[in-house]
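S.K.: The structure follows.
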Amino acid sequence: MDNSSNSSENSGEYWLTISDLMSGLMVVFLFISVAFMRYKESENDKIKNIAITYEKNQTAIHKALHEEFKLDLKKWNASINGETLSFEFNSPEVLFKTGSSEINRHFQQILSDFIPRFLKTLEQFNPSIQEVRIEGHTSSEWQQEKNQNTAYFKNMQLSQERTLSILKHSYYIPQVSIKQKEWIKSNLVAVGFSSSKIIVDLNGIEDKKRSRRVTFRIITNADSEIRKILTGI
């Protein structure tokens with residue numbers, strides 16, 4: 001009787017210990033879950049704040065550019081895209097001769113007026129600007145070339161050479177200050193897209209004239225800031 005009683009008491013103590021252990025672990029997991037949820041909420045709040053700041057900043061940049069160049073847009077046949085923060089030059093006959101990367105004289109004059117004012121307008125936003133891309137776009141055709149692959153790569157080379165010509169011209173404009181030249185070297189990049197971003201009409205047919213364009217696209221650092229949060233950097 002005594003041995004049986006002792007065995008029962010020991011078994012009860014054993015299960016009581018396991019029960020306490022499981023309860024303790026559940027409390028620990030609960031604290032971890034709460035801490036993780038608070039961490040995620042904090043991270044989501046940070047991302048939300050960056051997104052709000054980005055939207056406000058984008059609106060402010062668009063407004064500043066429009067105020068500076070609103071009287072020039074029509075005569076330059078240019079436009080400002082608020083969604084992509086792109087200043088677009090849309091007259092291919094003004095920009096370059098067909099198949100050439102040499103900047104037409106009239107576009108040189110436009111750039112000599114545009115670039116110093118463009119850089120000046122962006123100065124107040126410089127801390128939030130990651131880079132400005134000079135983007136060259138072509139139509140999908142290349143003279144009499146029938147092979148689409150050949151046409152694509154010839155247009156790629158041409159679009160890259162054209163944007164490089166614009167970058168060089170912009171850098172050596174006399175009105176561009178030494179400080180602005182340093183900013184150009186750190187932030188302006190020349191990118192050729194060939195025909196990868198053609199413009200199509202409502203029927204999905206390529207508008208070859210509108211596809212031939214040059215844009216100055218402003219890239220803010222919102223994406224990189226969000227990436228830092230997500231990666232814990």
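Quick note: the coordinates plus some simple rules give every number you see, no bench work behind them. Given the structure is predicted, the values throughout are model-derived calculations rather than measurements. Please note: Cβ atoms are built from the backbone with ideal geometry, for glycine as well, and neighbour counts cover all protein chains shown.
S.K.: Report the one residue of 220, 111, 142 whose Cα lies farthest in the direction of the positive end of the charge dipole of segment 97-233 (charges on C-beta: Lys and Arg +1, Asp and Glu -1; origin at the Cα centre).
M.R.: 111
S.K.: Using modelled backbone amide H atoms (1.01 Å from N, in-plane), which distant-in-sequence or interchain residues come within less than 5 Å of residue 96's amide H?
M.R.: Those qualifying (amide H under 5 Å, at least 5 residues apart or on another chain) are 104.
S.K.: Let me ask something else. Give me the extension gain from residue 97 to residue 112: residue separation times 0.36 nm, minus the current Cα-Cα distance, reported in nm with one decimal.
M.R.: Extra length from residue 97 to residue 112 when fully extended: 3.5 nm.
S.K.: Could you sort the peptides 55-62, 158-165, 108-115 by per-residue average Cβ neighbour count (10 Å cutoff), highest mean leading?
M.R.: 158-165, 108-115, 55-62
S.K.: What is the Rg over Rh value, at two decimals, for segment 177-224, using alpha-carbon atoms and the Kirkwood definition of Rh?
M.R.: Numbers: Rg = 15.7 Å, Rh = 13.7 Å.
The Rg/Rh ratio comes out at 1.15.
S.K.: On the first, second and third principal axes, largest extent first, how far apart are the outermost C-alpha atoms of segment 106-155 in Å?
M.R.: Projected onto the principal axes, the Cα atoms of segment 106-155 cover 48, 28, 11 Å.
S.K.: State the Kirkwood hydrodynamic radius of segment 67-189 in Å, one decimal place, computed from all pairs of distinct Cα atoms.
M.R.: On the way: mean 1/r = 0.0637 Å⁻¹.
So the Kirkwood estimate lands at 15.7 Å.
S.K.: Give me the extension gain from residue 169 to residue 126: residue separation times 0.36 nm, minus the current Cα-Cα distance, reported in nm with one decimal. Could the numbers behind the result be given before it?
M.R.: Details: separation 43, 0.36 × 43 = 15.48 nm, distance 2.15 nm.
Result: 13.3 nm gained on full extension.
S.K.: About the Cα centre of segment 142-216, what is the dipole size in debye to 20, counting +1 per Lys and Arg Cβ and -1 per Asp and Glu Cβ, all else neutral?
M.R.: Charge dipole of segment 142-216: 180 debye, to the nearest 20.
S.K.: Could you give me the ³J(HN,Hα) list for segment 65-76, computed from phi with Karplus coefficients 6.51, -1.76, 1.60 and θ = phi - 60°, whole Hz, x at Gly and Pro?
M.R.: Each residue's phi maps through the Karplus curve to give 5, 5, 4, 6, 10, 4, 7, 9, 4, 5, 5, 8 Hz.
S.K.: Turning to a different aspect of this structure: Around residue 76, under 11 Å between beta carbons, what's the net of Lys plus Arg minus Asp minus Glu among the other residues?
M.R.: -1
S.K.: With +1 on each Lys and Arg Cβ and -1 on each Asp and Glu Cβ, how big is the dipole of segment 87-191 about its Cα centre, in debye rounded to the nearest 20?
M.R.: About 260 debye.
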